[in-house]
Amino acid sequence: LLFNFKEAHDSPITSVVVSQDCECAVSGSLDHSIKVWDLKEYRLKHTWANAHNSDLPTIIAMNKKGLVASGSGDGLLRFWDVGDFSYTYCLYEAHDGPITSMSYTIDGVHLVSGSNDKTIRIWNSQTKEICHIFNHAHDGYVTGLRVTSRPDNKALIISVSDDKKIKIWDFNRLEHLHTFHDAHSLPIASIVLTKDNQFILTGSEDNEIRIWDIDRKIMVHMIKNGSSSEASVTCLEVSSDNKTFVSGSTDKTLRFFNLHYSKTKMSIVDSNSISPYSLVGHMVIRKFLIDEEFMNPKEFINKYSTIHIYPYDWNLFHLIAKFMPSRRNLLFGCIEAKIPILADY
């Protein structure tokens, strides 16, 4: 945790974004306000009070030019300029229900919005016209979405819902690509993507933040967002340098985290209770790195019980086998969260 803006709003925070230059963050809240924060001096820069006339959450998005879009239960899409703190224009009756989520495309031209009406809509922020509607996008309310551009120039929409699903859509072809079912134990409330377009971060009413690999279609990490069992992760954002992410919560706290990827690490864990020799295979667990600590292997496996089995990699098997000192040891080799396990079973 890097820094806290305690009591940043008078009510729970429902949305937060970070500018491309990492100099400011913008947050929305149930107190109807939108606030701009200085991330160099850690202070409040500006407040738009009564931004929406609704008791439902205020949702915001910001493009690379500093144009902030906001939506709420009043069904309006409003636009604000962070540069001069001005209010620019409004799109009326943008959805048939409360607006719950929105995200700009990488060029800042199109805005994608989600709603309690279970639709996802694409808007041109320059012409102020609607381009497309995904009807019945989710079984429940659309609670969050993001738009990203892949190395192959394929633009993707990633959406989450209180139906506990994460869905991936092709922005250009306007079609559904993939669904993560039961991604959290409770409704998903927030989503953000890393700036390299490789990972999805989701927050939920279960007060957990989970990280998903887009290419491999798996979960690679999970952390608790504070100690409260009753709080919910309502919003997430990643800085443009991909080194920090920030979460907002119903406990009225902004939390800043270091974001880094795992490095190759080898560890040997002793065991006294394992019998004939076998290769279990590649496994992916909810952890980036294996701590270099000795623990009972069965306790380790029970602790990280959500695993996915992958095909054997025999080259890696022979590499790791050289480090196997005896038949009574369990060796973990962690390479980008892929865990080959050699065990006496």
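For segment 213-251 and segment 23-65, what is the centre-to-centre distance using only Cα atoms, to the nearest Å?
19
Quick check for you: which residues of segment 217-233 have the amide N under 19 Å from the point 7 Å beyond the Cα of residue 179 toward its beta carbon?
Inside the label zone: 217-219.
Please name whichever of 103, 51, 120 sits farthest to the positive end of the charge dipole of segment 1-122, dipole taken about the Cα centre and charges placed at Cβ: Lys and Arg +1, Asp and Glu -1.
So the residue we want is 103.
Between the DSSP loop rule and a limit of at most 15 other Cβ atoms within 10 Å, which trypsin sites (Lys or Arg not before Pro) in segment 10-102 are left?
Passing sites in segment 10-102 are 40, 64, 65.
Where a ≥ b ≥ c are the square roots of the eigenvalues of the C-alpha gyration tensor, would you call segment 50-169 rounded, which needs a/c under 1.5, or, failing that, prolate if a/b is larger than b/c, or oblate?
oblate
Throughout, read-outs are computed from the coordinates displayed, never taken from laboratory work. On a predicted model such as this, the values are computed, not experimentally measured, just so you know. Reconstructed Cβ throughout: ideal geometry from the backbone, glycine too, with neighbour counts over all protein chains shown.
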